[in-house]
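These notes are about the structure you will find just below.
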Amino acid sequence: FSKIFSHEALESYLPKIQLVIKDTLRAWSSNPEPINVYHETQKLTFRMAIRVLLGFRIPDEELNRLFEVYQQFVENVFSLPVDLPFSGYRRGIRARETLQKGLEKAIQEKLQNTQGKDYADALDILIESGKEHGKELTMQELKDGTLELIFAAYATTASASTSLIMQLLKHPRVLEKLREELRSKGILHNGCICEGSLRLDNISSLHYLDCVIKEVLRLFTPISGGYRTVLQTFELDGFQIPKGWSVMYSIRDTHDTAPVFRDVDVFDPDRFGQGRSEDKEGRFHYLPFGGGVRTCLGKHLAKLFLKALAIELASTSRFELATRTFPKITLVPVVHPVDGLKVKFFGLDSNQNEILTGTDVMLGATV
């Protein structure tokens, strides 16, 4: 799987990721009603996984149907394994079976139709990597790998995307500072992203953007922690932890108590700037993607997606909170606002002005 997230692979994904994000923001802006950001970012990350990672050419209607089935699958992943009628476990199994039928059809069509491809997607790389190791992947292995890739790209990225939008709403100065950096790097000009300016090396040079994404992931880490197996008996605070036991480390508690972070409850991207570099003080104080040899393989893809989203939000979107107050945050199954975060998006013309349609007048303090 590591080849799927190489520098070369990310470079080839980037234009496709941009296109999916642009189309999504255009749809959000054309909606006369506020959107549920968490639900819509789930759709966005699902679409990104299907269109970009897997290269499936599934019609929109079929894609929407698969998304609904996939949501039912995800909602029942952590249900009790009791196979009774109407149980969550049974619903999850049925959803998985329906998903795998749809995925098998898409895989078969993909294998038969190789014309017109302009980049190697993750599934292409996975198949070729198997051949390099003398192993022809079976259809079942391809379906399992495909489902795993979708699962890995879905919930946590949607959570982080929602948190990003909420923090940009809460902190307009951060959003403006992002725009200033984009202008200074020649990416944003006269309210438009300059053609050909968004390359992997250009995005990597956006230091403040990197700080913003890091701070979102520090303060709103999508998942609470991870599991490891004890390889050698050790002692911690007077307790002996035997070899072979499973232990859970807490990402959230680590970020909350790490001595390197000042004012841990404050959203402050500058803590990661060159002047402070609070994440450089220790090896495991900052670990939104885990740590050690089992760190998340897809972390560079996830950060690239979040950066591409932030660039589009800062460049081509205006949006405002559609409720009186910001919603409370729930931590399960991943971090997200309890109401999904209701936000109104506005279309823009080339001069960064809101587009007014018909007799509608969109008023309010927009960010």
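Quick notes on this one:
- Note on the chain: dipole from Cβ charges, positive end direction compared against Leu44, Pro327, Tyr13; the farthest Cα belongs to Pro327.
- Estimated dipole of the chain in Debye, rounded to 20 [Cβ of Lys and Arg +1, of Asp and Glu -1, Cα centre]: 240
- Whether the range 50-196 is rounded, prolate or oblate, judged on the alpha carbon gyration tensor where a/c under 1.5 counts as rounded: oblate
- For the chain, the solvent-accessible area of protein heavy atoms averages 53 Å² per residue (probe radius 1.4 Å; ligands and nucleic acids excluded).
- Distance (nanometres) between label positions extended 7 Å along Cα→Cβ at Ile329 and Arg173: 2.0
- To put it simply, the accessible area of the chain at a 1.4 Å probe is 53 percent carbon and sulfur.
- Whole-Hz couplings from phi, Karplus 6.51/-1.76/1.60, listed for the range 325-341; x for Gly and Pro: 10, 6, x, 6, 9, 10, 9, 10, x, 10, 4, 6, x, 5, 9, x, 6
- Note that the range 117-207 carries a Kirkwood radius of 16.9 Å, evaluated over its alpha carbons pair by pair.
- For the pair Asp339 and Arg94 in one chain, pulling the backbone fully straight at 0.36 nm per residue adds 85.4 nm over the alpha carbon distance.
- Ordering Arg65, Arg57 by accessible surface, largest first, gives Arg57, Arg65; the 1.4 Å probe counts only protein heavy atoms, with every chain in place.
- Calculated log₁₀ intensity ratio I(q)/I(0) where the Debye formula runs over C-alpha points of the range 69-130, q = 0.18, 0.21, 0.29 Å⁻¹: -0.73, -0.82, -1.13
- Shape category assigned to the chain from the gyration tensor of Cα positions, a/c cut at 1.5: rounded
- Glu278 accessible area, assembled protein chains, probe 1.4 Å, Å²: 10
- Shape class for the range 106-154, computed from the alpha carbon gyration tensor (a ≥ b ≥ c): rounded, with a/c under 1.5.
- Taking amide H as placed 1.01 Å from N in the peptide plane, Gly226 has its amide H under 5 Å from the amide H of Tyr249, Ile251, each at least 5 places away in sequence or on another chain.
- Asp263 accessible area, 1.4 Å probe, all protein chains in place, Å² to nearest 10: 110
- Once all protein chains are placed together, Tyr89 keeps about 80 Å² accessible to a 1.4 angstrom probe.
- Amide hydrogen proximity for Ile241: with H placed 1.01 Å from N in the peptide plane, the residues at 5 or more positions away or on another chain lying under 5 Å are Phe234, Glu235, Leu236.
- Contact order, relative form, for the chain: 23 percent (alpha carbon pairs under 8 Å, 6 or more residues apart, mean separation divided by residue count).
- Subtracting the Cα-Cα distance of Tyr119 and Leu137 from their residue separation scaled by 0.36 nm leaves 4.4 nm.
- Each of Gly298, Leu84, Pro288 was scored by the projection of its Cα onto the charge dipole of the chain, and the greatest displacement toward the positive side belongs to Leu84; charges sit on the C-beta of Lys, Arg, Asp and Glu.
- Among beta bridges that DSSP assigns inside the chain, antiparallel share in %, nearest 5: 95
- Largest first, the residues Lys143, Lys101 sort by 1.4 Å accessible area into Lys101, Lys143.
- Across the range 219-292, Cα pairs under 8 Å and at least six residues apart give a relative contact order of 28 percent.
- Mean Kyte hydropathy of -1.0 or more with a Cα span along the axis of at least 30 Å, helices from DSSP in the chain: 7-30, 139-170
- Each peptide in 33-40, 290-297 was scored by the mean count of other Cβ atoms within 10 Å over its residues; highest first, the order is 33-40, 290-297.
The values are calculated or read from the model by the stated rules, or taken from the named source; none is laboratory data. Predicted model only: the values in this text are computed from it and were never measured. Positions of Cβ are backbone-derived with ideal geometry, glycine not excepted, and every protein chain shown enters the neighbour counts. These area figures cover heavy atoms from the full protein model, side chains too; ligands, DNA and RNA do not enter into them. Shrake-Rupley method; radii C 1.70, N 1.55, O 1.52, S 1.80 Å.
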